[in-house]
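Contents: one structure, followed by commentary.
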Amino acid sequence: MPSQAVPPASPMTQPAPTRADPTASRREAASFDPRGARVGVVIPAYRVAPQIERVIRGLPDWVVSIVVVEDQSPDDTAERVARLADPRVTLIRHPANRGVGGAMKTAFAEAVRQGLDVVVKMDGDDQMDPAHLPALVQPLLDGRADVVKANRYSSLGSLRGMPLVRVVGNGGLAFLVKLASGYWNVFDPANGYFAARGEALARLDIDSLPERYFFESGFLIELGIQRAVVQDVAIPARYADEHSSLSPLRVLLEFPPRLLLGLVRRVFWRYFVHDFTALSVYLLLGLPLLAWGIGFGAVEWARLHGTNTYASAGVVMLAAMPIILGAQLLLQAITLDVQNVPRTPISPPLRRPHAR
């Protein structure tokens, strides 16, 4: 993979800063002390030439590494990054477009190679305000989480600044992602503004993460399999003149089947390989009962349809009781899954001070 690399310079959650005084928020972010931890920012870059320089210049000095992955962008994004001559920047150029997921896989691998303690993912379109970096990083420094995600649904003011189509679409997608990943406590799982401990990333099989737009959801599913702790913090997004290239139709057609597969993978690894609990028993009993009741009832309905014959009480019970019992067992399994959200971080405490 061809790249231009400059070695990085060596040297809840508290509420996010408000946007009422952006100058004060930027000063607060600039004066933040990461307490010796090596914090880096990774940026997937595609068609962001007008914004990328502003994004990089807005990162505070305590960010020691900036990994920009130029994903075969047809504009001059890479040239603009190179012209900045920021010694913190590692510029990696993809020979072919791989989507946001492919760019993030490359960025994660580079961040792990550099041994960063905390890795923040920001987009190159300037939607993610760097004034909120301390709010994302602080829970990781305190050892309270492995990943911290921004939450755009924290207030009515945040929702007013979000296009309506995104509010509706993200709300429906959020429920499906919660179900698939097991992170019922995360209110905005589709948000791409997040920070992660380097040790948590190193435990993942980065190459197996999905590419393109399913990356955010697939990333959470993999974290759920590892039982990493994910928190969220209230951080509003900002929208300007950029346009998403992800169509609602594509989300409706592609995401549900992949989320269903992710749910099956997570449940298998967490409740049948890594552990075996009452939830596992409820699934083993509930799924066959529900399937039998639905299947038997459908066969009997088809057999008697169009005739003057009615099903006997026994036949009705043979279909209804398994459906009722199976549904109750599955609802109980979901209840236990909600209560089983990971609460103990898998990342070791950060060393103080960081060895240099």
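Taken together, the values in this text are just the output of simple stated rules run on the coordinates, not laboratory data. A quick note: this is a predicted structure, and the numbers were derived from the prediction, not measured. Neighbour counts are summed over all protein chains in view; Cβ atoms, including those assigned to glycine, are modelled from backbone coordinates with ideal geometry.
Under a 5 Å amide H cut-off, with hydrogens placed 1.01 Å from N, Arg38 pairs with Asp117, Val118 among residues at least 5 apart or on other chains.
Spin-label model, Ser31 to Ala311: label points 7 Å out along the Cα-to-beta-carbon direction sit 7.1 nm apart.
As a proxy for reagent exposure, Thr307, Thr77, Thr335, Thr90 were ordered by neighbouring Cβ count within 10 angstrom, fewest first; the result is Thr307, Thr335, Thr90, Thr77. Shown for Phe296, Phe214: other C-beta atoms within 10 Å of each C-beta, ranked fewest to most, produce the order Phe296, Phe214. Computed 3J(HN,Hα) for segment 72-87, one whole-Hz value per residue from the Karplus formula 6.51 cos²θ - 1.76 cosθ + 1.60 where θ = phi - 60°, is 6, 6, x, 9, 9, 4, 4, 5, 5, 5, 5, 5, 5, 6, 7, x, glycine and proline marked x. For Ile66, the residues 5 or more places off, or on other chains, whose built amide H falls under 5 Å of its own are Val41, Val89, Thr90. Sequence-ordered 3J(HN,Hα) estimates for segment 118-132 from the Karplus curve with 6.51, -1.76 and 1.60 and θ = phi - 60° stand at 10, 10, 9, 9, 10, 7, x, 9, 6, 7, 9, 6, x, 4, 8 Hz, glycine and proline given as x.
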